[in-house]
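Engineer: Quick one: this structure, given as structure tokens, is what I'll be asking you about.
Read-outs: derived from the displayed coordinates by stated rules, not from any lab. Everything numeric in this text was worked out from a predicted model, so none of it was measured. Note that each Cβ is placed from the backbone with ideal geometry, even for glycine, and that neighbours are counted across all protein chains shown.
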Amino acid sequence: MISILLSPHILLAGKSPTVSTAMREEEILILQGKVSIYWLGVEPFLYIADPEFLRKMSSGVLDKSWGKPAVFREDRLPMFGIGLVMVEGEHWIHNRHVITPAFSPANLKAMTSQMVECTTKMLDRWDAFCTSHKPEIDVEHDIIRTAGEIIAKVSFGMKHGTSYENGQIVFEKLRAMQMTLFKSNRNVGVPFSEFFSPKKSLEARRIGKEIDQLLLSMINLQKESRTKSPEEDLLGVLLAGNDEDSHPGGKKLTSRELVDECKTFFFGGHETTALSLAWTLQLLVVHPEWQTQLRKEIKQVIGDGEIDSTKLAALKKMGWVWNEVLRLYSPAPNRQAREDIQVDDMVIPKGINMWIDVVGMNHDKELWGDDVFEFKPERFKDDLYGGCKHKMGFLPFGFGGRMCVGRNLSAMDYKVVLTLILSRFSLSLSKLPSFPCYYALS
Ligand code: HEM
């Protein structure tokens, strides 16, 4: 087995907005309590870090009655458009019904080989690094890129020599747009903030249009040629469902919606999965006993055989580790009330934005006990909620009918990448100065 030294900049992986937001959230929590108001620019937000309040609030609201803060819809328009993350009401119900089956176990099963292929390519590069006596690798950078490649492949395909060969260009442009947007736009909620950096805003819009055109041409080509087996990627599955011959009168998505769903899968699934992997590697370096335990499990369950979805599901300890990483470093859902919501004697008026502080709840001693900040995957051994005292205290994928649609895909992706890394490499911390970290979405 080859040893890889892990650069300490991995420590900074979440020092993108996740941690800076979390630090602001901690201040709110200490100064104002678990349910309070804060402002994002000129936008008021109801801050919620109390699972019991969340339970009462959500029990009276239909899934279709949840909205999304307009301030985020506008800020992230080039990324998500009218994709599932942003739509509301009847539009959301329709699209969720059409999209959910695309993430069925049978469809996901067919995507395992693409995950293995992308990860193996990355590990071969690591191998070459090691044999060329340069054992220190910017692992975070590589993981983020590979997770991006995987999510692009399984979302809209990136094969050469097919109608999908534009997929590679779309992938590069999506990454460029992400970087452009997050270098320019850090003033969410501040009126006219797009004019603070007009060049970057125009640049993001230009790249956005190019991406839309490329995706649209891929969709049209695929509709005409039908050369690809549909289950290869999510777009293929959705297009097959749109096909009037095989699904007469079935529920459909327009070409505009298909384009926006491709972007939504990419932006919703890329960094979330990549950061959970980067944090996992960091934690496994600090807790090498868990590297050993996971390697043992991989040997028992997968051995020298091929990775498939049944074996991945049997990697129980890896599942605990994933949960523990998501508990410690969570993304957070946000919502908007589309009607008045009654919670005890309080009314949350229609139009109010909400920030559900999952990070605050996951780090709350009252819910988890004194070891709340420790990395202890075994807390998930016999308990889906990791011993949390409230069932709504652990919500890595959100809650209710708007819960993350990609969670099973992400679990597979995480397990494939981690299995392959741990089967070929052992990890330790580099003593080199840190590399720059990347500002991004989650
Ligand atoms: C570690 C990985 C991931 C985490 C932690 C995560 C987390 C979340 C969270 C917190 C929400 C908001 C749920 C709510 O409002 O209650 C969400 C929604 C969503 N996620 Fe994920 N996600 C992950 C991976 C993915 C992947 C791989 C995809 C797609 C390929 C995806 C697609 C979506 C979509 C489309 C929604 C919107 C669902 C709706 O509003 O109906 N996510 N995710």
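Engineer: Straight-line reach from Lys199: which lysines have Cα under 30 Å away, leaving out those fewer than 8 places along the same chain?
Structural biologist: Cα-Cα hits under 30 Å: Lys15, Lys68, Lys173, Lys183, Lys209, Lys263.
Engineer: In whole percent, what relative contact order does the stretch 317-442 give with Cα contacts below 8 Å and a gap of six or more residues?
Structural biologist: 23
Engineer: Just to confirm the filter: which GluC sites (Glu not before Pro) across the stretch 341-381 are DSSP coil and have at most 12 other Cβ within 10 angstrom of their Cβ?
Structural biologist: Glu374
Engineer: Rounded to a whole number of µm²/s, how large is the Stokes-Einstein D of the stretch 2-429 at 4 °C and 1.567 mPa s, given Rh as the Kirkwood radius over C-alpha pairs?
Structural biologist: D, rounded to a whole number, is 57 µm²/s.
Engineer: By average Cβ neighbour count within 10 Å, what is the ranking of 295-305, 266-276 from highest down?
Structural biologist: Order by mean packing, descending: 266-276, 295-305.
Engineer: Nearest 5 percent is fine: what portion of the DSSP beta bridges confined to the stretch 2-429 is antiparallel?
Structural biologist: The answer is about 55 percent antiparallel.
Engineer: How much net charge surrounds Leu62 when only the other residues with a Cβ under 10 Å from the Cβ of Leu62 are counted, with Lys and Arg +1 and Asp and Glu -1? Working shown, then result.
Structural biologist: Values: positive: Lys64, Arg338; negative: Asp63, Glu339.
That works out to 0.
Engineer: For Leu123, Leu202, Leu395, which order do you get if you count the other beta carbons within 10 Å of each Cβ and list the fewest first?
Structural biologist: The order, fewest Cβ neighbours first, is Leu202, Leu123, Leu395.
Engineer: Before anything else, pin down the relative contact order of the stretch 2-429: Cα pairs under 8 Å, at least 6 apart, normalised by residue count, whole percent.
Structural biologist: The normalised contact order for the stretch 2-429 reaches 28 percent.
Engineer: Mind ranking 187-200, 39-52 by how tightly packed they are, going by the mean number of other C-beta atoms within 10 angstrom, highest first? Each step should come with its number before you reach the end.
Structural biologist: Details: 187-200: 13.4, 39-52: 17.9.
Top of the packing list down: 39-52, 187-200.
Engineer: Along the charge dipole of the stretch 2-429, pointing to its positive end and built from +1/-1 on Cβ of Lys, Arg, Asp and Glu, which listed residue (Val98, Ser255, Ile348) has its Cα farthest out?
Structural biologist: It is Ser255, whose Cα lies furthest towards the positive end.
Engineer: Mind ordering 353-365, 337-349 by average Cβ neighbours within 10 Å, highest first?
Structural biologist: In descending order of packing, they fall as 353-365, 337-349.
Engineer: Still on this structure: Apply the Karplus parameterisation 6.51 cos²θ - 1.76 cosθ + 1.60, with θ equal to phi minus 60°, to every residue of the stretch 257-266 and state each ³J(HN,Hα) to the nearest whole Hz, in sequence, with x for glycine and proline.
Structural biologist: So the Karplus estimates, Gly and Pro as x, are 5, 4, 4, 5, 5, 4, 5, 4, 4, 5 Hz.
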